[in-house]
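Novice: Below you will find the structure I want to go over with you.
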Amino acid sequence: MSTATKSPKSPKAHDSRPATNTMSQAARLLGDRRLPVLVTASLFLAMYVVGLSRYQNYGFGEPQVFLNLFIDNGYLLVAAVGATFVILSGGIDLSVGSVIGFTTMLTAWLVEKQGLPILVVIPIALGVGAFGGFLMGYVIHNFEIQPFIVTLAGLFLFRGLCLIISKESIAIDDSSVSSMAQAQAQLGLGFLSIGAIIALVVLAIAFYVLHYTRFGRRVYAIGGNENSAMLMGLPQGGTKIAVYTVSGFCSALAGLLFTLYIQSGDPLHATGMELDAIAAVVIGGTLLTGGSGYVLGTLFGVLVLGLIKSIIQFEGTLSSWWTKIATGVLLCAFILIQRAMTTRKKT
């Protein structure tokens, strides 16, 4: 009587199942839109822990050092929030730094040379910034010109207007500006400046608008696929013009906060700050192609850049140029992450 023999299972077939599960989990992770934000938040936490362990004896662990990240980068956060709207829609705004610099010059000139009170100058500056953004958005949509070209023209325009106002720096000695700049909100363990508080309010408003309003959903839809948004009947023109208006408004507001921070106007103020704002948005996880990202990620992007500056200052032996080097390395890393995510979506 013959007995049937069972063939042993192939080890390769047995081992392929865990490998397949691992690959599918990795694919799902790359496809998760929250991955870049989580990476940025984890990076910030890791950098902060390293700073605590390395500079504990120099006061790095004091709560005020953490709050200073918001005080010293409040204007950049506001500018980056405006840039987030534009990049989410699939565009780009290179005029941010020039609008900030022009706002400082306009504010200093109106307050010091024309004698206008700061409360009158504020709405004028915000209106000029928003109108400049509106014009760029109008040209981009109605004449179908690439945002890069139009906003580059805006960059040169506003920087030139700075020099028309004055070729020299204008110091602000107005007591109202000084009192606003020195105003603080006590939080028990530390304090925040008025600029930092305004920046956090702008962040909260932007979060609500992008995630809980029709306008926010239109921004994501147009950035994700403009043709599909057109077929859905979404108002592309109005949305595009609106996002550049928001960016111009935020740039002007950032210029006012920068004026309070430095209490002067200068034609060279905020040179290159548009690149810092874009870098913060990208490091925060917003896709440069648009349609994916979170404004909270922009917050972490700004905090990471600010923390890099703080660590370099605590180190004491490093040049400030290391900030640019570290920013460039992080940008390359997050662009590679974005590339992996977009490749995964296409497949």
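Novice: Only one residue in 101, 59 is farther than 19 Å from residue 258 by Cβ and either free of Cβ contacts under 8 Å to residues at least 24 places away in the same chain or surrounded by 20 or more Cβ atoms within 10 Å (Cβ to Cβ) (or both), so which one is that?
Specialist: Every option except 59 fails the conditions.
Novice: Could you tell me which residue of region 162-171 is surrounded by the most Cβ atoms within 10 Å (Cβ to Cβ), considering only residues that are β-branched (Val, Ile, Thr) and closer than 16 Å to residue 270 by Cβ?
Specialist: Checking each candidate, the answer is 170.
Novice: So which of 285, 248, 290 is part of a helix (DSSP H, G or I) and small (Gly, Ala, Ser)?
Specialist: After applying the criteria, what remains is 248.
Novice: Here's something else I'd like to know. Return a yes/no flag: does region 278-292 have any residue that is open to solvent by 20 Å² or more (accessible area, probe 1.4 Å), among the polar types (S, T, N, Q), within 17 Å of the chain's Cα centre (by Cα) and farther than 27 Å from residue 126 by Cα.
Specialist: Scanning region 278-292 turns up at least one residue that is open to solvent by 20 Å² or more (accessible area, probe 1.4 Å), among the polar types (S, T, N, Q), within 17 Å of the chain's Cα centre (by Cα) and farther than 27 Å from residue 126 by Cα.
Novice: To continue, here is another question. Check off (1) within 24 Å of the chain's Cα centre (by Cα); (2) loosely packed, with under 14 Cβ neighbours inside 10 Å for residue 247 and give me the number that stays unchecked.
Specialist: Of everything listed in (1) within 24 Å of the chain's Cα centre (by Cα); (2) loosely packed, with under 14 Cβ neighbours inside 10 Å, residue 247 misses just condition (2).
Novice: If residue 128 satisfies all but one of (1) touching a residue at least 60 places away in the same chain (Cβ under 8 Å); (2) open to solvent by 60 Å² or more (accessible area, probe 1.4 Å); (3) of a type in the set (Val, Ile, Thr), what's the number of the condition it fails?
Specialist: Tallying (1) touching a residue at least 60 places away in the same chain (Cβ under 8 Å); (2) open to solvent by 60 Å² or more (accessible area, probe 1.4 Å); (3) of a type in the set (Val, Ile, Thr), residue 128 fails exactly one: (2).
Novice: Let me ask something else about it. Do the conditions hold for residue 117, that is, is it farther than 23 Å from residue 202 by Cα, in contact with a Gly (Cβ under 6 Å, 6 or more places away or on another chain) and not β-branched (Val, Ile, Thr)?
Specialist: So residue 117 does not fit the description; no.
Novice: May I ask you to say which residue of 241, 198 is at pLDDT 95 or above, aliphatic (A, V, I, L, M), in a helix (DSSP H, G or I) and open to solvent by 40 Å² or more (accessible area, probe 1.4 Å)?
Specialist: Numbers: 241 fails: open to solvent by 40 Å² or more (accessible area, probe 1.4 Å).
Result: 198 is the single residue among 241, 198 that is at pLDDT 95 or above, aliphatic (A, V, I, L, M), in a helix (DSSP H, G or I) and open to solvent by 40 Å² or more (accessible area, probe 1.4 Å).
The values are calculated or read from the model by the stated rules, or taken from the named source; none is laboratory data. Being a predicted model, the structure only gives us computed values, none of them experimental. Virtual Cβ from ideal backbone geometry, glycine too; neighbours counted across all protein chains shown. The area values use the complete protein model at the heavy-atom level, side chains included, leaving out ligands, DNA and RNA. Shrake-Rupley method; radii C 1.70, N 1.55, O 1.52, S 1.80 Å.
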